1. Rounded, prolate or oblate, given the Cα gyration tensor of the stretch 331-376, with a/c below 1.5 counting as rounded?
2. Counting only protein heavy atoms, what percent of the accessible surface of the stretch 282-422 is carbon or sulfur at a 1.4 Å probe?
3. Applying a 10 Å radius around every beta-carbon, put 31-40, 71-80, 166-175 in order of their mean neighbour count, most first.
4. State the antiparallel share, in %, of DSSP beta bridges confined to the chain, rounding to the nearest 5.
5. Holding the Cα-Cα limit at 28 Å, pick out from LYS209/LYS358; LYS328/LYS427; LYS209/LYS305; LYS209/LYS350; LYS125/LYS148; LYS150/LYS339 the pairs that are longer than that.
6. By how many degrees, between 0 and 90 and to the nearest 10, does the Cα long axis of helix 292-311 differ from the longest principal axis of the chain?
7. Given points 7 Å out from each Cα along the Cα-Cβ axis, report the ALA422 to THR117 separation in nanometres with one decimal.
8. Percent relative contact order of the stretch 366-429, based on C-alpha pairs within less than 8 angstrom and at least six residues apart?
Amino acid sequence: MPHRKPGFETRAIHAGGAPDPTTGARVTPIYQTTAYVFDSTDHAASLFNLQTYGYIYSRLTNPTVAALEERIASLEGGRGATAAASGHAAQLMALFPLMSPGDEVVVSNKLYGGSVTQFSRTFKKFGWQAIFVDADDPENFRHAATEKTKAFFVESLANPGGVITDLEAVARVAEGVGVPLIVDNTMATPYLCRPIDYGATLVCHSTTKFLSGHGTAMGGAIVDSGSFDWSATPGRFPSLAEPEPAYHGLRFHETFGDLAFTIYGHAISLRDLGATMAPMNAFLTMTGIETLALRMERHCANAQKVAEFLAAHAAVAWVNYAGLPGNKYHALAARYLPKGAGSVFTFGVKGGYEAGVKIVEGVELISHLANIGDVRSLIIHPASTTHRQLSDDQRVTAGAGPDVLRLSVGLESVDDIIADLAQALAKLG
Ligand SMILES: *Cc1c(COP(=O)(O)O)cnc(C)c1O
C-alpha cells in the first residue's frame, strides 16, 4: 500500500492503541499499577535523570495514560500530550510551565464559568494575574499584553455562550507579541476544529465532556504543537529554557526540542502538582474517543434540529446557536466549525426565571444536571444553579440571565428530544 497519513476516524481508533507487546491484548489494558520494576540501578538512574524513556511511578507516567496521550495528540495534530485529572487540572498545567509570580495571562472574558473563577480567583493566589478581554476583537489581546504577559487563553467555541473565536487572528497577535496561544477545545473537539492548524501553541481539553463522551470519567489533557520557540526571548520562559536544578541543570527546551513542554508536563508538573489521570479513566476515555467522529456528527445534527424547533416555538424568546443563519457567529462557525456548531447552546423562554425553572422541572427524558457532552441530553438553568450566588447584573454579563437555559443535546432519537421539550414548553401554558 502506498504510504498515506491515516484519516481522523482511523487515528481515533488506532493511534496509541497497538496490541499489548507482552500479552497480545488487542485493546490497551488498564495498567492498574503505581510503580514499575527497574532492570538495574543504572537503568533506574538513567530513568531518574530523564536519559531513558520509561516508567517509574504512575504519578508521572503510566502506559494506559500514555496511550491516551498519544491518541489525543494525534487527533489534534500536536507533537505530544499530557493527560490530567480533570479539565481544570489541564488548565493549571498549561500555565504552570509558563508563569512565575507577577506574570500575566490575557484571557477571553467569555470562558466557561468555572474557568473564570479559576483564573480570576485561584490563580491569583499564585501571583498569576488574568486580564480579561472581549475576544470578538483580536486586537484587544495586543492592547492588553505587557512584557509580563506569558500567554493568551481562549475557547474555540465557548461554553455556554456559543462565542466562536477567530483563532487565526488571535494566533497572529500572539505571534507578534511572542507568547503562546492556548485554546480550550473542549466544546468543539478535534473532530470539529483543530486549533493547531490555525496557529495555536497549546490545546487544552476537559476530556470529561465529548472525548470520553458518556458521562463516566473525569479527565483533562494539554496538547503541545511543538512549534513554539521557548528560548527565543532570553528570560521569558525560564522553566523551559533555563537550567533545571532538580535535573542537574538540564535545559528542557535545549535537550528535548519540540517535546520540551510535554516532558516538562510529566517530569515537573505532574511530579509536583500530582493532578494525574487515573488509568481507569484513561481507558474509558480512549474507548470513548473511538466513536468520537460518529458521535459528534450525530450530536451536531440533533442540535441543529432541536435549535430549529426551539427557534420556531411561540414560547421561546431566543435561541443562541451558531448553526442558525441569523446567529452572530454563523460566519465564524462556517469557517472554523464547517462540520457543525457543536451540541451545546443556550435559549431563553418567555416568562423569565419562573418559566426557566418550570422547563428544567418539566422535562422527563432530558436530565437536569451540571455537565455537557454526554450521550444523554442534559439541561441546566444557570440562574437557579451554577450562577445562583451572583447578582442579577453579574448573571446577565455572564450570559446566565434569569430566562437562560443551557442544553447539551445528546444522541437519543431526535424526535424524542424534541417531544420532551415540546411537552415541557406546553406546561408553561
Ligand atoms: C467542563 C469544562 C472545563 C473544566 O473541566 P473539568 O473536567 O470539569 O475540570 C473547562 N473548560 C470547558 C469549556 C468546560 O466545558
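The values are calculated or read from the model by the stated rules, or taken from the named source; none is laboratory data. Predicted model, so just to flag it, every value in this text is computed and none were measured. A quick note on method: Cβ atoms are made from the backbone with ideal geometry, for glycine too, and the neighbour counts reach across all protein chains shown. Heads up: the accessible areas ignore ligands, DNA and RNA and are worked out on the full protein's heavy atoms, side chains in. Shrake-Rupley method; radii C 1.70, N 1.55, O 1.52, S 1.80 Å.
1. Verdict is oblate for the stretch 331-376.
2. Numbers: 3320 of 6010 Å².
Answer for the stretch 282-422 is 55 percent, counting heavy atoms of protein chains only.
3. Numbers: 31-40: 12.3, 71-80: 23.7, 166-175: 20.3.
Packing proxy ranking, top to bottom: 71-80, 166-175, 31-40.
4. Details: 25 of 43 bridges.
Of all bridge pairs located within the chain, approximately 60 percent are antiparallel.
5. Exceeds cut-off: LYS328/LYS427; LYS209/LYS350; LYS150/LYS339.
6. Value to nearest ten degrees: 30.
7. It is 3.8 nm.
8. 35 percent
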